[in-house]
Every structure is written in C-alpha cells, then in structure tokens.
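The values are calculated or read from the model by the stated rules, or taken from the named source; none is laboratory data. What you see is a predicted model, and the numbers here were worked out from it, not measured in a lab. When we count neighbours, we look across all protein chains shown, and the Cβ atoms used for this are built from the backbone with ideal geometry, even at glycine. The accessibility values were calculated without ligands, DNA or RNA, using every heavy atom of the protein model including side chains. Shrake-Rupley method; radii C 1.70, N 1.55, O 1.52, S 1.80 Å.
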Amino acid sequence: MKAKKRDYKKEYKKYGSGGVAIAKRQALNKYNRDNGTYGNGDGLDAYHKGGKVVGFKKASANRGSKTDSPGDRRARGGKNK
C-alpha cells in the first residue's frame, strides 16, 4: 500500500486557525501594543515562558529558541524541564 502524501499547506492552515493558536497570538499582540512595540521595527517579539507572556526577545532568537519551547524539547527526546 502506497503512503498518502501529506498536505503541509493544509496542516499549517488548520494549526494556525485553531482556538489556542489564535488566543496565543492575540495575547502577544496585545502585550506588544500595550508596551508600544507593535510594528515599530525594533526587531523584538513578546515571548511566552511557562504559559505566560513575560517579556521581549529578539525575533530571531525567539523563533529559534530550543530551551524555551517545550515542543522542541519533546521532539528532541531530551528531559522535560
């Protein structure tokens, strides 16, 4: 039996439109707006730690963070901290 090819575009669209993903984006955007950093080009993103928005981090570091993201730790098979 031949394996069915994955539709990554469809999967990503489904993930990004889910209630949890929308709520997370809303919280980060509100935090950015309240602190005057939304869309000002400073290169900083609000980030989560322990399920809460805690501060700002360089966008490049935030999107590639292996230590702050529990999903990355689980995927690598390391200790759950």
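Heavy-atom accessible area, probed at 1.4 angstrom with all protein chains present, ranks D45, D34, D7 as D34, D7, D45, highest first. Of the trypsin sites (Lys or Arg not before Pro) found in the stretch 1-63, the ones in coil according to DSSP and having at most 16 other Cβ atoms within 10 Å of their Cβ are K2, K4, K5, R6. 3J(HN,Hα) along the stretch 22-29, derived from phi through the Karplus expression 6.51 cos²θ - 1.76 cosθ + 1.60 where θ = phi - 60°, amounts to 5, 4, 5, 4, 4, 5, 5, 5 Hz, with x in place of Gly and Pro. Close amide H pairs (under 5 Å, H built 1.01 Å from N) link T37 with no residue at least 5 positions away or on another chain.
Residue-wise HN-Hα couplings along the stretch 14-19, as the Karplus relation 6.51 cos²θ - 1.76 cosθ + 1.60 with θ = phi - 60° gives them from phi, are 5, 5, x, 9, x, x Hz; Gly and Pro carry x.
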